[in-house]
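The values are calculated or read from the model by the stated rules, or taken from the named source; none is laboratory data. This is a predicted model, so every value here is computed, not measured. So basically every Cβ, Gly included, is an ideal-geometry build from the backbone, and we count neighbours across all protein chains shown. Accessible surface is based on the protein model in full, side chains and every heavy atom, while ligands, DNA and RNA are left aside. Shrake-Rupley method; radii C 1.70, N 1.55, O 1.52, S 1.80 Å.
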Amino acid sequence: MAPRTGSTSTGSAMSETSVESSIDPLFHLLRTIPFSFLRPPRLRLKLPSFTLPSPMAVFSLILLTYFLVISGFIYDVIVEPPGIGSTQDPVTGAIRPVVFMSGRVNGQYIIEGLSSGFMFVMGGVGIIMLDLALDKNRAKSVKASYATAGVSSIVIGYVMSMLFIRIKIPGYLH
């Protein structure tokens, strides 16, 4: 159906077109008679005002999401692995807990994923601290504290992540 060229658009153009094209006279009467003496009320509705979240709240949400994705939370929900594993000591025969699934790259225990994700987040927070140490408006001691904490976070995160890889993949980097 081609649109009409002479119609004025005061509301929804689609509803006017469907009403005008209706052939039923009873529908036309039911549509026009009540509105000849009824008037819609004047409503003073206010649009809800939404305030933006603070930058720190957005950063925290993004950091939490990053931690959950990096730590394998989605894998843990789908596969439902045990929190921690166990192995039998060949010498004593005692059962001892194991945190890493050694030799399996495509599998993980829950604690393994969370600890690896924490190390990655710690390295990222270290980079953020190094950025904060470059602020010219801070005191020299605060800048030194940020720089020390940032470098130590990056070093600890890197060393622990490499240790986790060596435990996970025996013979890696040998």
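Data table
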item	result
Accessible area per residue, Å², the chain with all protein chains present, probe 1.4 Å	80
Residues whose placed amide H lies under 5 Å from that of Met101, excluding near-sequence neighbours	Tyr109
Structure-based [θ]222 nm, the chain - -39500 (n - 2.57) summed over DSSP H runs of at least 4, per residue, nearest 500	-17500 deg cm²/dmol
Span from the the stretch 24-40 Cα centroid across to the the stretch 112-130 one, whole angstrom	67
Within the accessible area of the stretch 55-168 (1.4 Å probe), percent carbon and sulfur	72
Rel. contact order, % - alpha carbon contacts under 8 angstrom, at least six apart, the chain	17
Evaluated at q = 0.13, 0.14 Å⁻¹: base-10 log I(q)/I(0), Debye formula over Cα of the chain	-0.86, -0.95
Among Thr92, Thr65, Thr148, residue whose mean-square fluctuation peaks in a GNM of the chain (springs only between Cα atoms under 10 Å)	Thr92
Chain lengthening between Phe164 and Ser102 when straightened (0.36 nm per residue, less Cα-Cα)	21.3 nm
Neighbour count of at most 15 Cβ within 10 Å plus DSSP loop: longest chymotrypsin sites (Phe, Trp or Tyr not before Pro)-free window in the chain	51-171
